[in-house]
Structures are given as C-alpha cells and as structure tokens.
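Coordinate-derived values only; no laboratory data. All figures in this text were calculated on a predicted structure; none of them were measured in a lab.
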Amino acid sequence: MSETKSDGELLRAVAADGDRRAFEELYRRYAPWLTARMRSRCADAGIVDDVVQETFLAVWRGTARYRQPVGDTVGADAAGWLWRIASRRLVDALRGAGARGRLRQTLARLRHRDEVSAEDRVLAGVEHGDLAGALVRLSPELRAVLQATVVDGLTTREAAVLLGIPPGTVKTRAMRARRQLREALA
C-alpha cells in the first residue's frame with residue numbers, strides 16, 4: 001500500500017525535482033475543485049478550462065512558487081495558493097476577452113464606417129417621440145449598455161465581458177437607461 005503524500009510534500013517534489021507523479025497527484029486532487037470554483041465565477045467553460053490549465057502549467061514550470069506558511073508541515077494552504085493563481089489568471093483572461101471584443105467591434109466599425117448601419121437608419125427615421133434625441137442625451141455608458149443588450153442582443157454576462165464591467169453594473173445601467181428613455185419619451 002502506498003503512502004499518501006501531503007499537499008506540501010507534493011508541491012516540494014514538483015518544485016525541487018520536477019516530479020511528474022507528484023504533479024499528476026496534485027492535479028487530480030485540485031483540478032476538479034478549481035474548475036468548479038472558477039465556473040461559479042465565469043460561465044464560459046472554455047475560459048475556465050484554459051485558466052485551470054494555465055494555473056497548473058505555472059505550477060509545473062515553476063513560474064508560480066509556493067511559499068509554505070511558517071509552522072505548516074502539511075501544506076494546508078495549497079488550495080488557497082492555487083485559487084489565488086487561478087483567480088488572477090481568470091481576471092487576465094476576462095480582461096483580454098473584453099479587450100479583444102472591443103477591438104473586434106472597433107475594427108468592424110472602421111471597416112464599415114462609410115455604411116450606415118441598419119440600427120442607425122431605424123433610429124434616425126423614428127418619428128414617434130424623439131427616440132433618436134433621447135438616445136443621444138443618454139450618457140455614453142448607458143448608450144453602450146443599450147447597444148450591447150438591445151441592439152446586439154447580448155446577455156447580461158456577454159455584455160459585461162464585452163464592456164469590461166461587472167454584470168450587476170450592466171443591469172443597473174440598463175435599468176437607468178430604460179427609465180431615462182421612458183421619461184424623455186413621455
């Protein structure tokens with residue numbers, strides 16, 4: 001019967017010797033847990049899977065160094081350490097996804113800047129009330145949320161990633177924009 005190594009022993013073996021078996025055991029212990037925790041923070045399974053893989057790659061390559069707390073002989077803080085690495089990588093991935101989305105949107109606008117979009121034609125031709133004027137009077141932040149959620153048809157989460165803001169902020173801004181539009185058109 002083989003002896004079960006503590007997290008600290010596994011981490012030391014990976015860091016000092018590049019012990020593949022220790023790394024595989026660490027991965028088996030923590031990858032499912034880390035994936036579940038990351039999925040509670042991000043609905044995009046592809047991003048979560050990438051983040052978990054990048055986290056363990058950082059451990060394997062030694063770019064993430066575990067510092068054992070004083071008096072800790074069993075590596076009890078290994079889960080927290082892995083969580084900190086993964087959460088930083090998740091933030092970076094979401095920022096990157098948001099930046100890539102904004103870049104794609106900007107490039108699409110530049111590519112078609114001579115063409116008037118269907119949405120712009122509809123908004124410019126609205127004669128009931130002053131919808132176009134009411135939209136122009138909204139702050140850029142509120143207009144961006146309406147553009148993402150109403151015109152582009154994105155979900156709250158998708159709009160949050162695209163705009164680089166929390167989902168709750170998207171909901172709040174959408175509510176404010178609708179209220180301001182109702183008041184302007186009443």
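Extension gain for the segment Arg20 to Arg176, taken as residue separation times 0.36 nm less the Cα-Cα distance, is 50.7 nm to one decimal. The phi-based Karplus calculation (6.51 cos²θ - 1.76 cosθ + 1.60; θ = phi - 60°) puts the 3J(HN,Hα) values of segment 143-160 at 4, 4, 5, 4, 4, 5, 8, 8, 6, 7, x, 7, 6, 4, 5, 4, 5, 4 Hz, whole numbers, x for Gly and Pro.
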